[in-house]
1. Condition first: over 18 Å from A:D202 (Cβ atoms) and touching a Leu at 6+ places or on another chain (Cβ under 8 Å). Now tell me which residues in region A:223-244 satisfy that.
2. Can you pull out every residue in region B:213-243 that is part of a helix (DSSP H, G or I), within 20 Å of B:V139 (Cβ to Cβ) and touching a residue at least 40 places away in the same chain (Cβ under 8 Å)?
3. Just checking: which of the helices (runs of 4 or more DSSP H) contained wholly in region A:75-155 hold 3 or more residues that are surrounded by fewer than 19 Cβ atoms within 10 Å (Cβ to Cβ) and at pLDDT 90 or above?
4. Would you confirm whether or not region B:151-160 contains a residue that is over 23 Å from B:P42 (Cβ atoms), small (G, A, S), touching a residue at least 24 places away in the same chain (Cβ under 8 Å) and within 14 Å of chain A (Cβ to nearest Cβ)?
5. Go through (1) small (G, A, S); (2) within 14 Å of another protein chain (Cβ to nearest Cβ); (3) open to solvent by 20 Å² or more (accessible area, probe 1.4 Å) for B:G137 and report which single condition fails.
6. What single numbered condition from (1) at pLDDT below 90; (2) of a type in the set (S, T, Y); (3) in contact with a Cys (Cβ under 9 Å, 6 or more places away or on another chain) fails to hold for B:S100?
7. Taking region B:165-179, which residues are free of Cβ contacts under 8 Å to residues at least 24 places away in the same chain and either surrounded by 14 or more Cβ atoms within 10 Å (Cβ to Cβ) or outside any helix (DSSP H, G or I) (or both)?
8. Kindly evaluate B:L182 against the criterion of being away from chain A (no Cβ under 14 Å) and surrounded by 21 or more Cβ atoms within 10 Å (Cβ to Cβ).
Amino acid sequence: MIEARGLVQTFHTGQGKNKKEVHAVKGVDLDVAEGEVVGFLGPNGAGKTTTLRMLVTLLKPTAGTARVAGYDVATQPVQVRRSIGYCSQVGSTFSGAYARDEVVDHGMLYGMSRKDAVAKGQELFEKFQLDGLWKRMNKNMSGGQKRRLDIVMGLIHSPSLVFLDEPTTGLDPQARANLWEHISGLRDNEGATVFLTTHYLDEADALADRIVIIDRGEIVASDTADNLKANVSGDLVSLELSSDEQVSIARDKLASISDDVHVDGRSVSGRVARAGKAVPGLLRDLDASGVGLEGIEVIRPTLDDVFLTLTGRSLRDADEADAPETDSPEGGAM
Amino acid sequence: MTTYLRECSVVFRRQIRMNLRNPAWVLIGIMQPVLYLLLFGPLLKPLVAQFDTGTTNAYTFLVPGLLVQLGMFGAFFAGFSLIGEWREGVIEAERVTPASRSALLVGRLWRDLLQLLVQATILVGLGYAIGMRGSVGGVALGVLITLLVGGACAAASNALAMATKDENVMAPVVNVVMMPILLLSGILLPMTLGAAWLQHISDFMPFRYIVDAARDAFTGDLGSSDVAWGTAWAVAIFALAMWWGASVFRKENA
């Protein structure tokens, strides 16, 4: 559904002597198969939105090529637009308009008849638990309802591929959890391929079949969340020993399944790929060697650990250090 | 073509629906020219005979100028509402549909022109009511010229809004552009009253010819060279602004 090769976006900021060239996206390669839900993860300013804007034809790539739903974004933008749905991070409806009018007009811009747009809109309102809000003005909706309305707008023409740009930003935990359920249902109920950008680790973890991590305009990893955690970071296995004499034996045993063993007093810890499979064998070895344990802890890594391993900095730190997502020439929009 | 017109009409209907929710704005927009007509018009009565503009009726002289002013000022603020829509993501949502991007502009211009037509009709009706004289054909041509000017200013305003996306930038730019046009076009008083140097400067102001054309049309002198030149300028400015607006709307990263 998406095939991008060497996508580049360069723009200029400032005037005169202060003019600066900014490389927002530096040669991104991307493949998304039909039916996949892909999470595009990275801190603010990493190049997520800029990449997405090139894929949805809102921004012309400086270099590189991309085919979306089988069409070239540079030479067949209208066909691309006809095939995709898009929900931007700022929303898509006017606060002073009625929900039904926005949805129906949007459908008609896709060439739908008024009758079809009304029928499809009402069907989607029901699916997305917006019943009773058809005739409500958008400014009188909650944040969660507005985001669901944005998704309905993006689905009104039954696209085969849906782009969601930071869909849950600004929502409270309950509204986020509710929206996750609906996003999860997009593939199952609507048959759509989903490409969503996010800087929330838990969101990417919960929603995506595969996670693509972008940092400073470059893709640094692409795999399932489990594989990323297992292969890039690994589980943290921590052993608490009953006596100082057994520390060296335990360290050697753990070193047989981990390249990264640390000793701190009677604590021995190390990163282990897929600890669930490796730890039973380790326990048997330790027992056979007469090593007594006071405790054992296995900590599953988070995507933040993965990001830290890949980039040398925490995703949360990167978020705070970098500028807000104004990484596109148009400040993240239009 | 049918698809294009359909897309324009979807955008137009959406815009007009929003306007109808706030009809007060149409009336607020016409307040300035109406106040000029009612409060400035009477001051011209003893003076208008000296203007040598083909009429001794103060309102026949003033209304065409006020129409052009209405076309310029009213339409030049169209971009402000576009920035509001852009900020809420509406423009971006429209731009990812397969609809022609110039249709997104033209549909909005239809709204601006309809609003201007309503305001112009009110102004002309009021003018007739307080003593203006003018043939139906001449007045219709004057209104048509007004619509061309208004369409041009609305297209330019929307293009400027898309380029700046900031009301704080738009407002001073609109002021800087509008003030010289207002002062050098002879909208309220004919430029022939001014010193020679002022007249020479105003010779370079296309809107002066447009105002003159509207005045000649109102006085029934439809075959005058002023009407031809003014109409030609109005068409040229309209075409130029439309080209600018459409090219800004078509830009991939606009």
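The values are calculated or read from the model by the stated rules, or taken from the named source; none is laboratory data. Quick caveat: nothing in here was measured; it's all calculated off a predicted structure. Using ideal geometry, Cβ is built from the backbone for each residue, glycine included, and neighbour counts are taken over all protein chains shown. Remember, those area values only see protein heavy atoms, side chains included, never the ligands or the DNA or RNA. Shrake-Rupley method; radii C 1.70, N 1.55, O 1.52, S 1.80 Å.
1. Across region A:223-244, the qualifying residues are A:V237, A:L239, A:E240, A:L241, A:S242.
2. Across region B:213-243, the qualifying residues are B:A213, B:A214, B:R215, B:D216, B:A217, B:F218, B:V227, B:G230, B:T231, B:A234, B:V235, B:F238.
3. On the way: elements: A:77-83, A:99-109, A:114-127, A:143-155.
Where helices (runs of 4 or more DSSP H) fall fully within region A:75-155 and carry at least 3 residues being surrounded by fewer than 19 Cβ atoms within 10 Å (Cβ to Cβ) and at pLDDT 90 or above, they are A:77-83, A:114-127.
4. If we filter region B:151-160 for residues that are over 23 Å from B:P42 (Cβ atoms), which is where we start, we get B:151-160.
Within this subset, residues satisfying the condition of being small (G, A, S) are B:151-152, B:154-157, B:159.
In the following step, the residues that additionally are touching a residue at least 24 places away in the same chain (Cβ under 8 Å) were identified as B:151-152, B:154-157, B:159.
Then keep just the ones that are within 14 Å of chain A (Cβ to nearest Cβ); that gives B:159.
Scanning region B:151-160 turns up at least one residue that is over 23 Å from B:P42 (Cβ atoms), small (G, A, S), touching a residue at least 24 places away in the same chain (Cβ under 8 Å) and within 14 Å of chain A (Cβ to nearest Cβ).
5. Checking B:G137 against (1) small (G, A, S); (2) within 14 Å of another protein chain (Cβ to nearest Cβ); (3) open to solvent by 20 Å² or more (accessible area, probe 1.4 Å), the one that fails is (2).
6. (1)
7. B:V169, B:V173
8. Values: away from chain A (no Cβ under 14 Å): yes; surrounded by 21 or more Cβ atoms within 10 Å (Cβ to Cβ): no.
Here the answer is no, as B:L182 does not meet what is asked.
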